[in-house]
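Student: Have a look at the structure that comes next, please.
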Amino acid sequence: MIRNIIFILFLPVFVYSQQLAIKRLPDNINTNNAEINFVQINDSTAYFTVVSEIEGNIESNIYTSTFKHGDWSKKKYTKYNSDIFNTGNISFSEEGRTFFNICNNEMEDCKIVYLSSNTKEGFYEISALFSEEVFNTQAFTIRHGIQTVMYFVSDRKGGFGGLDIWLSIIDSNGNFGIPINAGDKINSSADEITPFYNKHDGMMYFSSNKISGSGGFDVYKAKGKLNLWKEAINWQYLNTENDELYLTFYDKNNGYFSSNRKGAKLSSSEYCCNDIFSFSYLKSTSDTIKTISEIQNYFPLSLYFHNDEPDPGTLNSVTKKTYKEAYISYFMMKSNYIKQNSNLNNFFEEILQKNFNTLNRALNSMFFELSRGADIEIQIRGYTSPLHTPEYNQNLSQRRISSLINYLMQFRNGLLAEYIYSKKLIISQLPFGESVSSEKVSDDANNKKKSVYSTEAMMERKINIVNIILQE
């Protein structure tokens, strides 16, 4: 049943153009089970839910961890658990209430309950939410001015289909109002789950599996409050073809989410289980905005290759390899090059590696401009040393350009691909082969020390991004 799946969330460091760094939390937190709903409440304490399957039975419990010595410590069992119920989906209100779910063993009947700061034992059910055979989960409370609102997820009647996000207004006496649907700007005929209202930017963050996403559950965000929202937009910086859920912010620039993306710890099959990841804005949005002139400062930029790479010994003009693969294999040859050429100085660090890192920074900035609506044209020239026939070298220079295009298509999980397909990002190719190579470079195949390992030959084997043209 969908109820089971949403609660257990499918039990069976990247940097993006917004300078969003993503990191999987350590094995003290993540295991072969499903870890979800990571909520950091201060500089040193966080709570989260672990869902496991033991002898065919689902078990869900709430744990806590302490941040010390630069990382999260081993998890500890909390007082919010029960010998009778499965518990999970914890959240904390500004008024001192702690909300969480209690569910039966089959995870088919889930209720939102809360403890107050002065509660000595037991918990309170929310009578305003009660309805026969209604599934209520994932409560989150926020204060909008003088109003306190609880957002939650339910399959109750009156929704748009599947699971919807609802809200209940809490009065000054702590009483809960009748549930109100958050509206069609948030909800759809698919499932909308895991709401989190970020007070820093006035946005509701939630996950949905509607067909317009990247695949699985994507994180969306919408400006507004209560049932008055602007159109929800896909937060593409974070999403993959797998599931991204339970996004929370700890402060303005840092937060957490759960995902079964590549890198999550596996149990029996790939992408079976959700792990908790952190995300951080390395810079504020205003710092990341690049003017056209600033982006153009990255260019011209040369990217270098080992001899006859990629795909040596072929007349093909395209390759399946990426420039990143060619760069890594070239860098691994550093010791051999040093043996053959004592005048290399710091070529591998100060030119090969530095230029690759510059390329990635330039692509991050280009993506930001593309996402803002700019059209971009990149002009790429390909070169070879004179070691081989002119026809062969012409095709080799085209393969080198092809490897860069492959890298652009795969960059940051394909962030640039849609712009290439839509021709918002145009790539102009100019394969020169050996036609403009220096006369100082040897073409003697029997003297590899000069024709392959000499500094002159190394500097000829390249592609050059000579210009970038941006149009708003």
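Student: Please report how far the C-alpha centroid of the stretch 35-59 lies from that of the stretch 109-142, rounded to the nearest whole angstrom.
Tutor: That distance is 18 Å.
Student: List residues of the stretch 322-359, by number, whose backbone nitrogen lies under 18 Å from a label position 7 Å along Cα→C-beta of Met409.
Tutor: Label zone hits: 322-327.
Student: Ok, one more. Do the alpha carbons of any pairs in Lys324/Lys423; Lys75/Lys324; Lys324/Lys449; Lys262/Lys320; Lys157/Lys230 sit beyond 29 Å of each other, and which pairs?
Tutor: Among Lys324/Lys423; Lys75/Lys324; Lys324/Lys449; Lys262/Lys320; Lys157/Lys230, the Cα-Cα distance tops 29 Å for Lys75/Lys324.
Student: Along Cα→Cβ, 7 Å out, is where each label goes; now give me the distance between the ones at Ser172 and Ile427 in nm to one decimal.
Tutor: Each label point lies 7 Å from its Cα, and together they span 6.4 nm.
Student: Using mean Cβ contacts within 10 Å as the protection proxy, how do 194-207, 154-167 order, highest first?
Tutor: Descending mean neighbour count gives 194-207, 154-167.
Student: Let me check I've understood the local charge: for Thr64, count other residues with C-beta under 12 angstrom from its C-beta, Lys and Arg +1, Asp and Glu -1. What total comes out?
Tutor: Every neighbour counted, the sum reads +4.
Student: Also, quick follow-up: Please compute the length gained on full extension between Lys339 and Thr78, using 0.36 nm multiplied by the number of residues separating them and subtracting their Cα-Cα distance.
Tutor: Residue separation times 0.36 nm, minus the Cα-Cα distance, leaves 87.9 nm.
Student: Suppose the chain between Glu125 and Phe160 were pulled fully straight at 0.36 nm per residue; how much longer would it get relative to their current alpha carbon spacing?
Tutor: Going from the current span to full extension adds 10.0 nm.
Student: Of the peptides 390-397, 372-379, how do they stack up when ordered by the mean number of other Cβ atoms within 10 Å, highest first?
Tutor: 390-397, 372-379
Student: Sticking with the crude label model, points 7 Å out along Cα→Cβ, report the distance from Asn467 to Ile180 in nm, one decimal please.
Tutor: Calculated label separation equals 5.7 nm.
Student: Tell me which label goes with the value of Cα extents along the principal axes in Å computed from the coordinates here: (1) 83, 51, 37; (2) 69, 56, 49; (3) 86, 46, 37.
Tutor: (3)
Student: To the nearest 0.05, how large is the calculated FRET efficiency for Ser189 and Asn42 if R₀ is 51 Å and r is the Cβ-Cβ distance?
Tutor: Calculated value: 0.85.
Student: Ignoring everything except DSSP H segments at least 4 long, calculate the 222 nm mean residue ellipticity for the chain; use -39,500 (n - 2.57) per segment, divide by total residues, nearest 500.
Tutor: Taken over the chain, the calculation gives -5500 deg cm²/dmol.
Student: Restrict the search to the stretch 52-112; then list the GluC sites (Glu not before Pro) that DSSP places in a loop and that have at most 15 other Cβ atoms within 10 Å of their Cβ.
Tutor: Glu55, Glu94, Glu95, Glu106, Glu108
Student: If you add up the charges near Tyr47, with Lys and Arg at +1 and Asp and Glu at -1, over every other residue whose beta carbon is less than 15 angstrom from its beta carbon, what do you get?
Tutor: The answer is +3.
Student: What is the stretch 292-471's relative contact order, in percent, from Cα pairs under 8 angstrom and six or more apart in sequence?
Tutor: Relative contact order here is 37 percent.
Student: Ok, one more. Suppose R0 equals 35 Å; then what is the FRET efficiency for Asn198 and Glu418 from their Cβ-Cβ distance, rounded to the nearest 0.05?
Tutor: It comes out at approximately 0.85.
Student: How much FRET efficiency would the formula 1/(1 + (r/R0)^6) give for Gln147 and Ser117, where r is the Cβ-Cβ distance and R0 is 22 Å, rounded to 0.05?
Tutor: 0.60
Only the coordinates and a few stated rules stand behind these numbers; no lab work does. Not measured: the values here are computed from a predicted model. With ideal geometry, Cβ positions are generated from the backbone for all residues, glycine too; neighbour counts draw on all protein chains shown.
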